[in-house]
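**Student:** Please read through the structure below; I'll follow up with questions.
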Amino acid sequence: MSGLEAMISSMEKCLGLGEPNKIQTWYRSRNGSAYNGNFAWCDSTITWAAVDSGNYDTVCFGTDYAYTVAHAQKFSTKGQWTAMTKGIAGSGIRRGDIVFFDWDGSSSIGSIDHVGIVTSVSGGNVYTIEGNTSNVCARRVRAVHDIAGFGRPAYSKVPGTPAATPARYTNTVNGLAYGYGAKGDHVTKVGKALVAKGFGKHYTEGPGPTWSDADTSNYSDYQKSLGLKGTAAGQDADGVPGASTLKKLLGTLPSKPAPKPVYEPFPGAAFFHTGRSSQVITAMGRRLVAEKCGKYNSGPGPNWTNADRASFAAWQTKYSKANKLGWSAADCNGIPGKESWDALRVPKSL
């Protein structure tokens, strides 16, 4: 059995390995005494998994690799390399890609330090399995800064096997998830766009707001119409949207709406007294400073002080004048009331 999922499965067999380990022993038996001792084994793990899963030619091009730079260069020579210069979404990195890291943040192949395999992508995070990470094989979550680039193996379906279940993973583009189980109005929008372009034959109902196998099959048909090939999970026409095909379909890339701000509810006038300590008071003080009402010599901090009271009194006076409320000095005494508190819009601290 070969292919993307077999490669992932073989990498999962290595999870928890410490050192020394079977990967090092296996690699040494194939490549000689130069690999005696506790050598770096991140790319040796990729090589072992490629052999174990029947993907040796696909992932390693018939060569054992312990040197990450050489492996990345081979992907580049074969035209299967993408430098991480356009961010997570822009690069199209996805499950099954062989991801290479430079801890100094460059996209230079010559500076690569480490390697792993991508298991999923969500937002600004790439989820991986890596050998020789803190001396074990483990799952990691990586950000764009550390990723130099990735190689994309040309995984293929095993000849003679029946049609596979449509791809059932998600890909995140501009903060929105696409693929099996993804939900939202953006999913409906994709379905309607597919139907409008003549790629809706797999729907028996809908399109709707939950991504189904029918959405995947229709999107795969659309990808194939663009000249993309390979419908197995992780291949270019597997029915899971990437940024480039999605933009072609919709014209623009939808983005996740900014979350609505959440403010602290009024805790009551009795909350504000000497001895009170709370992050709510810190958050309040920061808002008062932002409104140019801060009377602090230091801080603000979590303890209610005369400086907090003086600052809030300045805010009450400012708010009253701006809204022509005619509040008296007694009304602007620095103890928050509900109206002045709500108007300040103190961000929720937890």
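**Student:** Given the criterion part of a loop (DSSP other than H, G, I, E, B) and on the phi < 0 side of the Ramachandran plot, identify the matching residue among 204, 172, 188.
**Tutor:** The conditions single out 204.
**Student:** Look at region 3-20 and say how many of its residues are of a type outside the set (A, V, I, L, M), open to solvent by 10 Å² or more (accessible area, probe 1.4 Å) and within 31 Å of the chain's Cα centre (by Cα).
**Tutor:** 7
**Student:** Still on this model: Out of region 223-243, which residues are within 14 Å of residue 190 (Cβ to Cβ) and either part of a loop (DSSP other than H, G, I, E, B) or open to solvent by 10 Å² or more (accessible area, probe 1.4 Å) (or both)?
**Tutor:** Residues satisfying the conditions are 239, 240, 241, 242, 243.
**Student:** With the requirement that a residue be over 16 Å from the mean Cα position of the chain (by Cα), modelled with pLDDT of 95 or more and open to solvent by less than 50 Å² (accessible area, probe 1.4 Å), what does region 149-159 give you?
**Tutor:** If the condition is that a residue be over 16 Å from the mean Cα position of the chain (by Cα), modelled with pLDDT of 95 or more and open to solvent by less than 50 Å² (accessible area, probe 1.4 Å), then 151, 153 are the ones that fit.
**Student:** Now, a different point. Of 64, 43, 52, 57, which residue is in contact with a strand residue (DSSP E or B) (Cβ under 7 Å, 6 or more places away or on another chain), acidic (Asp, Glu) and modelled with pLDDT of 95 or more?
**Tutor:** Exactly one of 64, 43, 52, 57 is in contact with a strand residue (DSSP E or B) (Cβ under 7 Å, 6 or more places away or on another chain), acidic (Asp, Glu) and modelled with pLDDT of 95 or more, namely 43.
**Student:** Within region 252-282, work out how many residues are over 14 Å from residue 178 (Cα atoms) and within 23 Å of the chain's Cα centre (by Cα).
**Tutor:** 6
**Student:** State which residue is farthest from residue 269 (Cα to Cα) when the search covers only region 306-339 and only residues that are buried (at least 18 other Cβ atoms within 10 Å of the Cβ) and hydroxyl-bearing (Ser, Thr, Tyr).
**Tutor:** Only one residue tops the list, namely 319.
**Student:** Does region 135-145 contain at least one residue that is of a type outside the set (A, V, I, L, M), more than 16 Å from the chain's Cα centre (by Cα) and in a loop (DSSP other than H, G, I, E, B)? First the steps, then the outcome.
**Tutor:** Here is the first cut: in region 135-145, the ones of a type outside the set (A, V, I, L, M) are 135, 137, 139-140, 142, 145.
Still in the running and more than 16 Å from the chain's Cα centre (by Cα): 135, 137.
Subsequent filtering for residues that are in a loop (DSSP other than H, G, I, E, B) retains 135.
Within region 135-145, one or more residues are of a type outside the set (A, V, I, L, M), more than 16 Å from the chain's Cα centre (by Cα) and in a loop (DSSP other than H, G, I, E, B).
**Student:** Give the residue, chosen from 57, 43, 64, that is open to solvent by 60 Å² or more (accessible area, probe 1.4 Å) and charged (D, E, K, R). Steps first, answer last, please.
**Tutor:** Values: 43 fails: open to solvent by 60 Å² or more (accessible area, probe 1.4 Å); 64 fails: open to solvent by 60 Å² or more (accessible area, probe 1.4 Å).
After applying the criteria, what remains is 57.
So that you can scan it fast, the table gives a plain yes or no per residue for (1) of a type in the set (A, V, I, L, M); (2) more than 25 Å from residue 174 (Cβ to Cβ); (3) touching a Gly at 6+ places or on another chain (Cβ under 7 Å):
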{"residue": "39", "(1), (2), (3)": "no, yes, no"}
{"residue": "45", "(1), (2), (3)": "no, yes, yes"}
{"residue": "74", "(1), (2), (3)": "no, yes, no"}
{"residue": "96", "(1), (2), (3)": "no, no, yes"}
{"residue": "101", "(1), (2), (3)": "no, no, no"}
{"residue": "112", "(1), (2), (3)": "yes, yes, no"}
{"residue": "121", "(1), (2), (3)": "yes, no, no"}
{"residue": "129", "(1), (2), (3)": "yes, yes, yes"}
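**Student:** Further question: When you check residue 115 against the structure, is it among the hydrophobic types (A, V, I, L, M, F, W, C) and in contact with an Asp or Glu (Cβ under 9 Å, 6 or more places away or on another chain), yes or no?
**Tutor:** yes
**Student:** Take the residues of region 72-90 that are of a type outside the set (S, T, N, Q), in contact with a strand residue (DSSP E or B) (Cβ under 7 Å, 6 or more places away or on another chain) and modelled with pLDDT of 95 or more: which is surrounded by the most Cβ atoms within 10 Å (Cβ to Cβ)?
**Tutor:** 72
**Student:** Among the residues in region 206-221, are any within 30 Å of residue 72 (Cα to Cα), at pLDDT 95 or above and either open to solvent by less than 40 Å² (accessible area, probe 1.4 Å) or not acidic (Asp, Glu) (or both)?
**Tutor:** yes
The values are calculated or read from the model by the stated rules, or taken from the named source; none is laboratory data. Computed from a predicted structure; not experimentally measured. When we count neighbours, we look across all protein chains shown, and the Cβ atoms used for this are built from the backbone with ideal geometry, even at glycine. Note: areas computed on protein heavy atoms with side chains; ligands, DNA, RNA excluded. Shrake-Rupley method; radii C 1.70, N 1.55, O 1.52, S 1.80 Å.
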